[in-house]
Amino acid sequence: MSRILTVKNLVTRFYTFDGVVHALNGVSFHLDHGETLAIVGESGSGKSVTMMSLLHLLPMPPARIEEGEAVFEDDDGPIDLLKLSKPERRRVRGGKIGYIFQDALSALNPVMTVGRQVRESIMEHLSLDQKAARERTIQLLEHVGIPGAKSRYGNYPHQFSGGMRQRVMIAVAIACDPKIVIADEPTTALDVTVQAQIIELTKRIQDELGISVIWITHDLGVVAGIADRVLVMYAGSAVEISPVDRLYEHPQHPYTEGLLAALPRVGAKRGKRLASIKGSPPDLQEPPRHCQFAWRCPYNFDRCWASAPPLFEVGEGHYTKCYYDMDQERPR
Amino acid sequence: MPEPNGPPTATADPAPEYLVRVEHLKKHFPIMRGIVWQRQVGAVKAVDDISFGIRAGETLGVVGESGCGKSTTGRAILQLQPPSSGRVFLDEVELTGLNESALRRVRPRMQMIFQDSYDSLNPRHSVGRIIMEPMVVQGIMEEADRRSRMAELLDLVGLNLNHAVRYPHEFSGGQRQRINIARALALNPDFIVCDEPISALDVSIQAQVVNLFEDLQRKLGLTYLFIAHDLSMVQHISDRVAVMYLGKVMELADRDDLFDDPLHPYTQSLISAVPVPDPKLERNRRRITLQGEVPSPARPPRGCVFHTRCPLAQEICSEQAPEYREVLPEHFVACHFADRKGGSKISV
């Protein structure tokens, strides 16, 4: 499979009045054509900041992208997303890379009809006149499963239910035939039965259009159902990258192991305690000098406190940032 | 055996095994129209005629999608929002219809923990003051005793005395929820309504707080009504589970019976929609996908409220509301077809 996006050593910091927040400390990963990469992590781990950095969606200042490159394989050669000029960014955003936000109600303009919002994106990126753009909008709305798309073209976002609004967001994201769609917790605010509908829809669209998807979530259940590969983030670092099956069967980072163990299991015995990770995530205002998970890690030893671990390869396509070999039960 | 769904007369003698009993509880919010001459044009039936009991020392989980009335149920039981009709008992005491001062005397026995751990703590009070406040309100104990009780409570929830002088904003979400729990325990309650207490927390912290809930239950013999939308967590913590939809209880059973053999089509769909953290299982899973979304509780469908989305709906479902009844021992269902073997099972 060929690469469509390669991110290397991305460092993003926020310069606030209270001090510097080290949001991303050198995140590297890649995305292949047609695959789904899930990014999991807790709040503040840097999942969204990673994606927003790539698309220049962070307010600057206070944010600053200090280092890194993000090579996107465009039709006419590779481009570095981090070095784009303003007009080029606009061409990529929405045109080459679609974005689905978590909160559809605040992502959509409340005083603009839904049809116009989808149409606007189409007219911005594809050279279609108003009539053709309108046609395409209605087709898209039908395609994402909005009943009576034609009559709902002139409706405002508040007239849609949560699930329907998320469908509109998906329509906007795929309106201009993007190569990549970034879905930032698209189902977190939805009820489970509606979440199941949206996941099914996203999978169908991905198959039809052959797009690559980056799906940001904190729900390890959702990840199991949608992902080909998984990137686990903790305190601004990508701590583990793995094919999905391997990650669940054979986690190689203590944090991933802890997360999986903390989930209640179906069919578990009554009265069985959940395994929990002690403590809470670190303060990101401290510059990272060692493994950020060391405080909470059951395996930590002297080397963990001396330097931040590099990425070790532990299997095919499986990488972990940990000095401790959990299989051999000894330091690497 | 008492029938929680029976008419009030049938349960006139209080059933000793239930600590909390809810009979035909309704909570309707009026929809008003007009500015000067307001008139009622309808009602949001947030909770519509539900009955159940909670045994001493058990955890009853309540699940359902947003707008199903699970939080309103919790609030109505505690009389934080007085029910529109129906009766609620705590032991032998009928809570419905009690006046303010009588209610205040019962309040120490029942407490609530809210989802938003920050909004439910006064940001301008120190943690110590927050935890001691219930004792001050109830006017019990001397100042010195309150302090030692506060220290005891902090220890109980895994905080320490140094935390007492700090303010809520200095704590993480998980710690703040511990403060909320300490405050709820201040007056030695029997019964606690936990309204989505872990929904806002991260996975690794959720497990800590859930374990704390379980430890406290064991130590203090607490009874919980545990409201949540996360099915796997509810399955973990509950002894029995009630599934709500549009203000009604659709199914109530022992947690193993409910999850292993759900009888109501809605329960089956709900369980089927929850993603399991196991990629191999997920890939081979056949899902029941419900069409559409939950209708507005201001205009619930006629007949069975679920019939608009139910894959098994027949003519009778849109005409007649099914009776909520005990189909199997201790297994209550509101579906017309639940009596026949396999009659209410959705095949995938």
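Counting every alpha-carbon pair across the stretch B:118-167, the share separated by more than 12 Å comes to 62%.
Once backbone amide H atoms are built at 1.01 Å from N, A:T36 has A:V213, A:D228, A:R229 as its partners under 5 Å, excluding neighbours fewer than 5 places away on the same chain.
Other protein chain C-beta atoms within 10 Å of residue C-beta, averaged over A:198-207: 1. Taking only the C-alpha atoms of the stretch A:225-332, Rg followed by Dmax gives 14.4, 43 Å. Computed as a quarter of the hull surface, the mean projected area of the alpha carbon convex hull for the stretch B:214-264 stands at 3.9 nm². For peptide A:96-108, the mean count of partner chain Cβ atoms within 10 Å of a residue's Cβ comes to 0. Rg and Dmax of the stretch A:88-141, based on Cα coordinates, read 11.6, 31 Å. Here chain B is scanned for chymotrypsin sites (Phe, Trp or Tyr not before Pro) in DSSP loops (not H, G, I, E, B) that have at most 16 other Cβ atoms within 10 Å, and the longest stretch holding none of them is B:119-348.
Centre-to-centre, using Cα atoms only, the stretch B:68-91 and the stretch B:114-162 are separated by 26 Å. Cα-based values for the stretch B:259-348, radius of gyration first and Dmax second, are 14.2, 42 Å.
With an 8 Å Cα cut-off and a minimum separation of 6 or more residues, compute the relative contact order for chain B in percent. Relative CO of chain B lands at 18 percent. Relative to its residue count, the stretch B:59-122 spans a Cα convex hull of 128 Å³ per residue. The DSSP beta bridges internal to the protein assembly as shown are antiparallel in roughly 65% of cases. Could you check how many percent of all C-alpha pairs in the stretch B:196-348 are farther apart than 23 Å? That fraction is 44 percent. At q = 0.15 Å⁻¹, what is the base-10 log of I(q)/I(0) for the stretch B:18-143 according to the Debye formula with one equal point scatterer per Cα and no solvent? Please give it to two decimals. For the stretch B:18-143, the Cα-only Debye profile gives -0.89. Which pairs in the list A:K8/A:K47; A:K86/A:K150; B:K248/B:K280; A:K83/A:K203; A:K150/B:K248 are over 26 Å apart, alpha-carbon to alpha-carbon? Where the Cα-Cα span goes over 26 Å, the pairs concerned are A:K86/A:K150; B:K248/B:K280; A:K83/A:K203; A:K150/B:K248. The GluC sites (Glu not before Pro) of the stretch B:102-155 that meet both conditions, a loop assignment by DSSP and at most 15 other Cβ atoms within 10 Å of the site Cβ, are B:E142. Dimensions of the stretch B:70-176 from C-alpha coordinates, computed as largest minus smallest value along each principal axis and given longest first, are 46, 32, 23 Å.
Accessible area per residue for the stretch B:57-203 is 43 Å², calculated with a 1.4 Å probe on protein heavy atoms, without ligands, DNA or RNA. With only the Cα atoms considered, the stretch A:29-101 has a convex hull volume of 120 Å³ per residue. DSSP finds beta bridges in the stretch A:172-285, and of those with both partners inside it, around 55 percent are antiparallel. In whole angstrom, the stretch A:1-70 maps to an equivalent ellipsoid with semi-axes of 24, 12, 10, each derived as √(5λ) from the alpha carbon gyration tensor and ordered largest first.
Using the alpha carbons alone, the radius of gyration of the stretch B:130-272 stands to its Kirkwood radius in an Rg to Rh ratio of 1.05.
Using all Cα-Cα distances in the stretch A:29-187, what percent lands in each 5 angstrom bin from 0 up to the longest? In order of increasing distance, the bins hold 1, 8, 17, 20, 19, 15, 11, 6, 1, 0 percent. Mean per-residue shielding of peptide B:223-235 is 2, counting Cβ atoms of other chains within 10 Å of each Cβ.
With viscosity 0.890 mPa s and temperature 25 °C, the Kirkwood radius over alpha carbon pairs of the protein assembly as shown converts through Stokes-Einstein to a diffusion coefficient of 90 µm²/s.
Heavy-atom accessible area buried between chains B and A is around 3500 Å² (1.4 Å probe, both sides summed). Normalised radius of gyration (Cα atoms, divided by 2.2 N^0.38 Å) for the stretch B:139-211: 1.16. From most to least packed by mean Cβ count within 10 Å, the peptides A:280-287, A:186-193 give A:186-193, A:280-287.
Once you divide the Cα radius of gyration of the stretch A:141-211 by 2.2 N^0.38 Å, the number left is 1.07. A quarter of the convex hull surface defined by the alpha-carbon atoms of chain A gives 18.9 nm² as the mean projection. Each listed q (0.12, 0.24, 0.29 Å⁻¹) maps to a log10 I(q)/I(0) for the stretch A:123-180, found by the Debye formula over equal Cα scatterers with no solvent: -0.27, -1.02, -1.30.
Once the convex hull of all Cα atoms in the stretch A:208-270 is built, its volume per residue stands at 113 Å³. Note that chain B, at 20 °C in a medium of 1.002 mPa s, gets a Stokes-Einstein diffusion coefficient of 99 µm²/s from its Kirkwood radius over C-alpha pairs.
Overall, the accessible surface of the stretch A:198-288 at a probe of 1.4 angstrom is composed of carbon and sulfur to the extent of 50 percent.
The values are calculated or read from the model by the stated rules, or taken from the named source; none is laboratory data. Note that the structure is a prediction, hence the values are computed from the model and not measured. Neighbour counts run over all protein chains shown; Cβ positions are idealised from the backbone, glycine included. For accessibility, only protein heavy atoms count, side chains too; no ligands or nucleic acids. Shrake-Rupley method; radii C 1.70, N 1.55, O 1.52, S 1.80 Å.
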